Amino acid sequence: MEVAVVYIRMRNRVQVNGNQTVRIKDIARIIGPEEVIQIIEDIILLTVKKEDKNIIVIDLAQVIMAIRKMDPTIEVETFGPSQSIIEVILSKKKMSFLTFALVWFLLFVGGGMTIMNFHVDVSMGEVHQKIFTIITGKVEEKPLLIQIPYSFGLGMGMILFFNHFFKKRFNEEPSPLEVEMFNYQQDLDRYVTMNENKENVRHLDDR
C-alpha cells in the first residue's frame with residue numbers, strides 16, 4: 001500500500017469570527033495528493049467559543065494528531081512556523097463622529113506643540129533670521145520669506161517620510177512607521193505563542 005505524503009505549512013495569523021468552526025484549511029497550507037488534501041482540509045480543529053476570548057493558539061502537534069486520528073497511514077512533513085495564532089474578531093461599536101473629532105484634535109494639537117517645542121529648543125527662529133540676513137543683507141524679526149517655504153517643506157517632508165498621502169502610497173517601499181509596526185507585531189506574536197499556547201508551558205504539579 002502506497003503511503004500518502006503531505007506537506008503542511010502553518011499560517012502565522014488568521015482572523016475568524018465568533019462561533020466560527022476552524023478547519024485545517026483555515027490555518028495551514030497543504031501540499032500533496034489532491035484526494036488526500038480535500039479530506040485533510042475539512043478536518044475540524046475547534047469551534048470558537050466565548051471563553052476563548054480573542055486569541056487562540058493552534059500548535060502544529062494538534063494538527064498532526066488530528067490528521068493521524070483521521071488516517072494513521074498519512075505521512076506528514078512540516079515546514080515553516082510551528083504555531084498559528086487565531087485572532088477572534090469581536091463585534092465592535094462604530095466610533096462616533098464626536099470621538100473621532102476629539103481624537104483628531106488632540107493629535108493635531110499634540111503634534112503641533114511637539115514641533116514648536118523642538119523649534120524653540122534648537123532656536124529655529126534665530127536660525128531663520130540669520131539665514132535671511134545672509135541672503136538679503138537685511139535684518140528682519142519675522143523672515144516670512146524663509147519661514148513660509150520652510151513650513152510647507154516640513155509638511156511635504158513628513159508626507160514623503162511616511163510614504164503616504166491619505167490612502168495613496170508613492171512606492172512599494174514600507175515606511176518607517178510600517179516597519180516599526182511590523183516589528184511590534186512580530187514581538188507580540190512571539191509573546192502570544194509562548195504564553196497563550198498551553199503546550200509550551202508545563203508545571204511540575206501537572207499529571
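The values are calculated or read from the model by the stated rules, or taken from the named source; none is laboratory data. Note that the coordinates shown come from a computational prediction; the quantities given were computed from them, not determined experimentally. Please note: Cβ atoms are built from the backbone with ideal geometry, for glycine as well, and neighbour counts cover all protein chains shown. Accessible surface areas use protein heavy atoms only, side chains included; no ligands, DNA or RNA. Shrake-Rupley method; radii C 1.70, N 1.55, O 1.52, S 1.80 Å.
For the chain, the longest principal axis of the C-alpha atoms and the axis of helix 97-121 are separated by about 50°. Taking the 1.4 Å solvent-accessible surface of the chain as the whole, the part contributed by carbon and sulfur is 60%. For residue 184, the accessible surface of its heavy atoms amounts to roughly 130 Å² (probe 1.4 Å, protein chains only, rounded to the nearest 10).
Remark on the chain: Rg and Dmax equal 27.8, 95 Å (Cα only). Normalised by the residues of segment 21-121, what does the relative contact order come to in percent, with Cα pairs under 8 Å and at least six apart? So the answer I get is 24 percent. Tally the DSSP beta bridges in the chain and give the antiparallel ones as a percent, rounded to 5. That works out to approximately 60 percent antiparallel.
Between the helical axis of 144-162 and the dominant principal axis of the chain, each derived from Cα atoms, what acute angle in degrees is found, rounded to the nearest 10? Taking Cα atoms only, the helix is inclined about 10 degrees. What do you get for the angle between helix 124-136 and the principal long axis of the chain? Use alpha-carbon atoms, 0 to 90 degrees, nearest ten. Once rounded, the angle reads 50 degrees. Spatially, segment 119-136 and segment 25-51 are offset by 65 Å when compared through their Cα centroids. Quotient of the Cα radius of gyration of segment 11-109 and 2.2 N^0.38 Å, N being its number of residues: 1.51. Residue 193 exposes around 20 Å² of accessible area when a 1.4 Å probe is run over every protein chain in place.
Protection proxy ranking of 76-85, 118-127, by the mean of other Cβ atoms within 10 Å over each peptide's residues and highest first, is 76-85, 118-127.
In terms of accessible area, using a 1.4 Å probe and ignoring ligands and nucleic acids, 154, 106, 46 rank largest first as 106, 154, 46. Accessible area per residue was computed with a 1.4 Å probe on protein heavy atoms; residue 65 scores about 120 Å².
Each 5 Å bin from 0 upward holds the following percent of the Cα-Cα pairs of segment 50-169: 2, 7, 9, 10, 9, 9, 8, 7, 7, 7, 6, 6, 5, 3, 2, 2, 1, 0.
Which entries in the list 25/94; 142/168; 50/94; 25/53; 25/50; 49/168 go over 29 Å, if you measure between the two C-alpha atoms of each?
25/94; 142/168; 49/168
Residues 105, 97, sorted by accessible area with the largest first, give 97, 105 [1.4 Å probe; ligands and nucleic acids excluded]. Calculated accessible area for segment 21-144 comes out at 72 Å² per residue, all protein chains present (probe 1.4 Å; ligands, DNA, RNA ignored).
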